[in-house]
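Below is one structure; the comments refer to it alone.
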Amino acid sequence: MNLILFGPPAAGKGTQAKRLTAERGYVQLSTGDMLRAARKSGSELGQKVAAIMDSGSLVSDEIVIALIEDALAQNKTAPGFIFDGFPRTVAQAEALDAMLARHGKQIDRVVQLEVDSQQLLDRVAKRFAEEGRADDNPESYKVRLNAYLAQTAPLIPYYEQKNKLRGVDGMAGIEDVATSIAAAIDAR
Ligand code: ADP
């Protein structure tokens, strides 16, 4: 099972991806986590993307596609992948389909976390106060949400046409969201 967790920034994709990893042994591939790790390590890549990330804009397709390509090559025996925060553009989705095909794999399901934008703003304001992630500040979050609407939302029809998209209510509690995601994955 290769799955994309889809939804706007701060919809709870990372939380649910970690649960699925623990419960099913799937490998979580989060480009946001990979880019943050690159920054922490002080690598050339990390330095290159830092300002873009803090502003809330997307880094280039080329960079994130290369990260995913490496991760797929390093996890050849994984029982499944959960893509979290990737793909975020149609070009990334097309590249992902091509990369998976080279490994004899495909995307089986795209689970969309449906969330209310006002509640998202409240969540992010709270997370910014608690964790201080630079791109959670209100200005950057606005840029992230706009990037989602302009560049990422077009993936909804992309996966709908392939009949892979399933929606779940992302505003329920963490346990209930997890139950709905499990049902969406296991339904034929
Ligand atoms: P969120 O919490 O908003 O879901 P992520 O942790 O996935 O955010 O990503 C944080 C930032 O990293 C993004 O705002 C963007 O700058 C960069 N990033 C992560 N994944 C991608 C991607 N697939 N394409 C382009 N930029 C990305």
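The values are calculated or read from the model by the stated rules, or taken from the named source; none is laboratory data. For clarity, every value in this text was computed on a predicted model and none was experimentally measured. Note that we place each Cβ from the backbone using ideal geometry, even for glycine, and neighbour counts take in every protein chain shown. The area values use the complete protein model at the heavy-atom level, side chains included, leaving out ligands, DNA and RNA. Shrake-Rupley method; radii C 1.70, N 1.55, O 1.52, S 1.80 Å.
Below is a table of values for the structure above.
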{"read-out": "Distance (nanometres) between label positions extended 7 Å along Cα→Cβ at D176 and L121", "value": "2.4 nm"}
{"read-out": "Linear extension gain, D108 paired with I52, 0.36 nm per residue minus alpha-carbon span", "value": "17.0 nm"}
{"read-out": "Rounded accessible area per residue of the range 60-188, 1.4 Å, Å²", "value": "53 Å²"}
{"read-out": "Cβ charges +1 (Lys, Arg) and -1 (Asp, Glu), total dipole of the range 2-186, debye", "value": "300 debye"}
{"read-out": "For the chain: span of alpha carbons on each principal axis (Å, largest first)", "value": "41, 38, 30"}
{"read-out": "About the Cα centre, charge dipole magnitude for the range 93-160 (Lys/Arg +1, Asp/Glu -1 at Cβ), debye", "value": "160 debye"}
{"read-out": "222 nm mean residue ellipticity, helices alone, for the chain (DSSP H n ≥ 4; -39,500 (n - 2.57); rounded to 500)", "value": "-17500 deg cm²/dmol"}
{"read-out": "Cβ crowding within 10 Å averaged over residues, with 37-44, 113-120 ranked highest first", "value": "113-120, 37-44"}
